[in-house]
Structure formats: structure tokens, C-alpha cells
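The values are calculated or read from the model by the stated rules, or taken from the named source; none is laboratory data. Fair warning: this is a prediction, and the values are worked out from it, not measured in the lab. Ideal geometry is used to build each Cβ from the backbone, glycine not excepted, and the neighbour counts take in all protein chains shown. All accessible areas refer to the heavy atoms of the entire protein, side chains included, with ligands and DNA or RNA removed. Shrake-Rupley method; radii C 1.70, N 1.55, O 1.52, S 1.80 Å.
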Amino acid sequence: EEMKKSCIEADLILILIPLLESTDQEMLLHAGRAIGRICYGNRDLQEELVKVGVITSLVRILTDYAESEPLIHVDLLALYNLADLDTAKEALSKTKIAEQLVKQLRRAESYERLEIVFEILQALAENDALKVQLVEAGVQEVLSEILLRLKGSSQDEDICILKAASDLLVSLLPGGCKYNAKAIVSILSRHKNSKGKNSLNSQIPIINFYYNNCVQMVQLGVIDQLLDLLEKHVESGDISVQHAALSALRNLAIPVVNKVQMLEEGVTERIQAILRSEIPPTQFKLLGTLRILADGQADAAEILGQDPILLNRLVQWCTASEHSSIRGEANRLLASILHHNRSQEVVKAIQKAQGVKHLVSMATSEHAAMQNEALNALAIASAIDLETLEDSFKESQLVQSLHKLLQDDNTSPQVKCNSMSLLCCLLNSGDLRKEIQENKVKETLEELCSHSNTNVVKEAVTTLQILRGET
């Protein structure tokens, strides 16, 4: 440290910098080592190096002496020490560093070399311009090759490389380059018939970070690849891949345009192969995926709502007392199917599967969001086919539950409004109208006419008018 200080005070760096323009490899090697050791850990000196143009020299060495292992090692160490500086990134973005680093990544054989190149790439990927250059240079293709080469390995060094490669891909993906979607589809396609899973498990989650290009990925055929993987690993019992594939499918199903294409590709039918899974995390992901797919899609809701195997499984999960998250998701999917469906057949199928009572229970949930979902679903179903649901409503004491919600001061205004909307639907049934009258709901509605919330007041007035036969 004392010698380093003396070298700095003597401005030795300014004397060494011009030597990086030499064509003598020995001179370049020793000058590079000296500069690196003097400047190590000294940010001010490192900034000065960038300022005087050292970046251009380093990239030139990397380009002209790509076969010289000792020289490339020193050069990469220098880039590693400088890559975190914003000024260095700016200078590097004006060079062909991306192309040279991809070449080094491709030819790297040792763990140490891969590690240092990954560190440099990870730092450079923080810069948008360099991120684009790296993708254009094909870094994602080299990364996928490395992942495939190391698949199935249990050695610590290989696992570290797998993680570094995946982390780097995740850093690159939000850049919005079209090559990223193609790279992911290519990776999944190559794994289609592969028995290895380590690299695959690290790849599928990438899609979850890549919402910007998920429409393009669906167009490129990623859904078919994911479904093939899902079906394969349901048979093998590989929980991690099931979980990852379902997470990816769920995120890909969010854009409306993707929902349509996924339906056309038969996702709702193929995804149900996993219904027999007894693994809670997988069950939870499956339910969430199906619910997102049905959101706003009457066709999807109709397909799901007329599948007796799915409905029976849903009803089982609605009573999964040991897993509240699964119970909640099952109820939400059931409500979503009714809410987005426009078919009388679906209402009858859910009634036959004994799912109505679970939606009535859901309406009294402690979560207002779930209450509203259940109330809206029941109102839509009642408008479609109240006659089919009438007996179930009486058995599950729906009128009494709605009355309690209206009486409870802690019930949110929106839940109160949705409860009254459902009551208006129920008034079309003579038996249910009689229950409403016998339970003295009228008095509660009259009290709500002076509620502090104007929407609640409007809904109470309307419901009273219908109850009195005024409209």
C-alpha cells in the first residue's frame, strides 16, 4: 500500500498509459499489470484512467490479442475494475466491447474466466445502450449454450455459472429487444426432449420478468413449448418445473390478445392435466393461471365452466381447510367462471357440482374484494338462470347472509351496493321474495336510505321500489 501511494504521488500512471499503445505483448502485459495494481480500489484514479482514454486501449487489446491468455486475463481484470463506473460504461458504449466480450464468453473454458466475464457483462447490462449491443451481439445465444452444456451438473462451480447466466439474462430481458423473445422460445424448444432440468428451472422464471415482450413470445410459439414441458414434468413429478411453467403461463395470459391465442391453442384443455396434482404450490399456481385466462373471456369461462372434472376438483379445493390460499383461489376461479360466462349450461354445471354454496360462503368472507367477486358472480348467474339456483340459494341461506351484510356497519359501501343488486335479482323469484319479506329486509333498506354514502342510498331506494312493486 505504501508503494502504491508513492507511485500515485509520482504520477507514474500518466507515464504508463502511453505504453498501452505498444505492439509488444510483454510491454502491454507488464504495463497493464502495473496500472491495474496501482489503481485497484482507488475510484478517483480509475475515473482519471477513463478520462485519459484507457477504455479505447483496453478494447483494442481485447480485439488484437484475443489468443493471448495472459494478456486477455489482465485486460479483463482491468475492465472488471472499471465496469462499475458510469463514465466507463459511456466510453464502452462507443466501442465494440459487446462483440469482443461475447467472443470471450464463447471461448472461455475455466470457471475463473467465465466468472470474470459474467461480472463485466452484468455491470454493462445496467446501461441501456450496452444492453442493446450485447443482445445484438448474440449474448443470449451463448448463455443458452452454456446453460445447456452445464445442465444436470451438481458441482458447485457449475451451479454458480448457471445462476450467473440466468441472472444476466434477466438483466438483459427488460431491454425490449426482439431477439430476447426468440432466445427464450429457442431455449424452451431445446429443452423439449431434454432430461436435464437444472438449467431449465433457471430459464422459465425469466419469462416472468419479461412482460414487455410476452405478446411476441406467444406469437413465436412459447405457449406450445411451455405446455409440452408442463405435461412432461407432471408425469415425472418435477414440482419445480411445474411451478415455473405455470407461473410463466399465468403472466403470459395477462394481455387480452394473448388470451385469445392461448384459447385457440387449447390451453384450457391441456393445462387441466395437472388437476390431479396433490402439491399445494402447484395447485395454487394452476388456479391462478386459469383465473387470469378466464378474466374477460366468455369463451374460456364457458370451456372451464362445463368441465365436470375441473368443477368437481374446484369444489374439493373450496373446502381445503388446511390450505386457505388454495381455498381462496378455488373460490375466486369459481366466481370468475360465473362472472365472465354468459351460458345457462355453465350455471347448471356449477349448480350440479354443488359449487353455489361455496360462493354464498365467499360472499361473507372477511376480504371485501372476495365478497364483491362472489356477489357479482351470483348476480350474473341469477340473471342468467335464477330458477336453477333457487333451491341452492334457499339451502345456503343466501337471503339471510345478504341481510347481515346490509346490517353490519363494518361492511364496505361497495359490498352493500352489490348485496342490494343481488337482492334485486332474487326478487324475481316468488319464494325468495317471500324470504326477503319475512326476514324484514325492508326495514334495513329504509335505514340505508339515510346512509352517509350516496351510492348506498341510491341502491337502497331502487331496491325498495322493486320490493314494493313500484318499478
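Enter the angle in degrees (range 0 to 90, nearest 10) between the Cα long axis of helix 54-64 and the first principal axis of the Cα atoms of the chain, meaning the one along which they spread out most. Helix 54-64 sits at roughly 80 degrees to that axis. Against the longest alpha carbon principal axis of the chain, how many degrees, from 0 to 90 and to the nearest 10, is the axis of helix 398-407 turned? Result, in degrees: 70. Here the label points at Cys160 and His451, each 7 Å from Cα along the C-beta direction, are separated by 6.2 nm in the simple model. Helix-only arithmetic for the chain: the sum of -39500 (n - 2.57) across DSSP H runs with n ≥ 4, divided by the residue total, places the mean residue ellipticity at 222 nm at -22500 deg cm²/dmol.
Along its first, second and third principal axes, ordered by size, the chain spans 100, 51, 35 Å in Cα coordinates. You can think of it this way: the chain between Glu26 and Glu126 has 32.6 nm of extra reach, that is 0.36 nm per residue less the Cα-Cα gap. Excluding the site residues themselves, the longest part of the chain lacking any GluC sites (Glu not before Pro) in a DSSP loop with at most 15 other Cβ atoms within 10 Å is 127-264.
Taking all protein chains into account, the per residue accessible area for the chain stands at 46 Å² (1.4 Å probe).
Here the range 364-396 and the range 248-264 have alpha carbon centers that stand 28 Å from each other.
Each residue of the range 1-180 gets 112 Å³ once the volume of the Cα convex hull is shared out per residue. For the chain, a crude dipole built from +1 on the beta carbon of Lys and Arg and -1 on the beta carbon of Asp and Glu, taken about the Cα centre, is about 980 debye to the nearest 20. Based on the Cβ-Cβ distance of Asp84 and Lys434, what FRET efficiency does E = 1/(1 + (r/R0)^6) give at R0 = 51 Å, to the nearest 0.05? Computed FRET efficiency for Asp84 and Lys434: 0.10.
Legend: distances between Cα atoms for Lys89/Lys285; Lys434/Lys458; Lys352/Lys416; Lys259/Lys352; Lys259/Lys458; pairs beyond 31 Å are Lys89/Lys285; Lys259/Lys458.
Of the solvent-accessible surface of the chain, computed with a 1.4 Å probe over protein heavy atoms with every protein chain present, carbon and sulfur atoms account for 48 percent. Under 20 Å from a label point 7 Å along Cα→Cβ of Ser153: give me every residue in the range 82-119 with its amide N that close. In the range 82-119, the label zone of Ser153 (backbone N under 20 Å from the point 7 Å along Cα→Cβ) covers 102-119. Between Gln344 and Glu109, the simple spin-label model (points 7 angstrom out along Cα→Cβ) gives 7.6 nm. FRET efficiency for the pair Glu69 and Asn410, taken as 1/(1 + (r/R0)^6) with r the Cβ-Cβ distance and R0 = 60 Å, rounds to 0.25.
Working from label points 7 Å from Cα in the Cα-to-Cβ sense, the Met3 to Asp299 distance is 7.4 nm.
FRET efficiency for the Thr56 to His323 pair, using the beta carbon distance and R₀ = 41 Å, is estimated at 0.10.
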